[in-house]
Amino acid sequence: MFQLKLPALALATAFVVSAASLHAQIGQDLKNAGHDTADATKTAAHKTANGTKKVYHKTAHGTKTAAKDTGHATKVTAGKTAYNTRKVGDKVADKPTPPKSEDPHYSNPH
């Protein structure tokens with residue numbers, strides 16, 4: 001009977017040691033997974049912030065360029081409108097049409 005208890009005791013001891021070792025490894029794996037998740041979250045947040053800053057700067061630059069181009073087009077259009085208005089007024093008043101080069105408000109974009 002003593003011979004049956006010794007192998008059973010050895011098997012039980014091996015099982016307990018293996019279970020404790022396995023438990024420690026699982027605990028370390030979970031800890032590593034937590035750190036990996038935290039690192040990935042920080043990286044994603046950092047990249048999102050950088051992307052947002054880049055979009056902001058590109059949008060601001062594009063807005064300034066569009067405003068400048070719109071202002072220039074408005075001035076050219078106003079000059080042409082004034083010239084053509086005078087031209088029509090001169091036709092109504094039977095005056096000769098002045099050449100464009102004499103009109104200080106007319107600017108040729110080309």
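We did not get these values from a lab; they are worked out from the coordinates using the rules stated. Keep in mind that what you see is a predicted model, and the values were worked out from it rather than measured. Positions of Cβ are backbone-derived with ideal geometry, glycine not excepted, and every protein chain shown enters the neighbour counts.
Sorting the segments 36-44, 78-86 by their mean number of nearby beta carbons within 10 angstrom, highest to lowest, gives 78-86, 36-44. Around Thr37, with a cut-off of 15 angstrom between Cβ atoms, what is the net charge of the other residues, counting Lys and Arg +1 and Asp and Glu -1? Within the 15 Å Cβ shell, the charges total -1.
Annotation for Lys42 and Gln25: the two label points, set 7 Å from Cα along the Cα-Cβ direction, are 2.9 nm apart.
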